[in-house]
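One structure is given below, encoded as structure tokens.
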């Protein structure tokens, strides 16, 4: 459940759409959360949010479950780390988000696939689409992968700020589907993914979505 150190995504709705920010819980009690100053997700700049601003807040727990709740900026605290005070409805009033509700984007992320218990020849390919819950990957005719088994996927994420993240994730093969061009596509679900790994993928997906909107 929500606790100190958890990364929050803040969404503010306005006439131009939705602005999204990232911050981390520094302190909390039953009715309030204290977070560091939010950073805009599209440009990495620290943001000043006015008191009374209504927010939709989402976060992901260590076991990979996502939650959301409605909040409001109610004050500021000047300490060693300047903090913003947010209202908190309590653990019992959190809304549970299903895994399929993670933002999924079409993107060709480089991935190396390796076996764990079921033997097959390792190979490299790219994703067709990806979210914090899983991805689908392209399979050429010479690439074999076992359905309903767990494999190792090594993915490379290039973020807009120049950071490169290499994530080694255990993934369950949900299904393999034949394509009209003779290739195949495999749907994977990420297992045992950490909060930090999930946030990297979420950030990557948001950046890709913004890039797509700019090109449309």
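Counting alpha carbon pairs within less than 8 Å and at least 6 residues apart, what relative contact order, in whole percent, applies to the chain? Spell out each step's value before the answer.
Details: 486 pairs, mean separation 32.4, N = 216.
Computed over the chain, the figure is 15 percent.
Please report, to two decimal places, log10 I(q)/I(0) for segment 163-216 at q = 0.16, 0.22, 0.27 Å⁻¹ as given by the Debye formula with identical point scatterers on the Cα atoms and no solvent.
-0.73, -0.94, -0.98
What does the extension gain come out to for residue 61 and residue 78, with contour length at 0.36 nm per residue minus their alpha carbon separation? Could the numbers behind the result be given before it?
Values: separation 17, 0.36 × 17 = 6.12 nm, distance 2.79 nm.
Between residue 61 and residue 78, full extension yields 3.3 nm more.
In whole Å, how far is the Cα centre of segment 107-163 from that of segment 1-48?
Centre-to-centre distance over Cα atoms comes out at 31 Å.
Take the alpha carbon gyration tensor of segment 22-68, find the square roots of its eigenvalues, order them as a ≥ b ≥ c, and report rounded if a/c is under 1.5; if not, report prolate when a/b exceeds b/c, else oblate.
The shape class here is oblate.
Relative contact order of segment 105-215: what whole-number percent is it, with Cα pairs under 8 angstrom and at least 6 residues apart?
Numbers: 229 pairs, mean separation 28.1, N = 111.
Rounded, it is 25 percent for segment 105-215.
When only C-alpha pairs under 8 Å and at least 6 residues apart count, what is the relative contact order of segment 116-162, in percent?
36
Counting just the Cα atoms, what span does the chain cover along each of its three principal axes? Round to the nearest Å and put the largest first.
60, 37, 28
Over 17 Å, how big is the tail of the calculated P(r) for segment 7-97, in percent of all Cα pairs?
Result for the distance tail: 46 percent.
Report the rotationally averaged projected area of segment 105-215 based on its alpha-carbon convex hull, in square nanometres. Can you show the working numbers first?
Working: hull surface 28.8 nm².
For segment 105-215, the mean projected area of the Cα convex hull comes to 7.2 nm².
Only the coordinates and a few stated rules stand behind these numbers; no lab work does. Being a predicted model, the structure only gives us computed values, none of them experimental.
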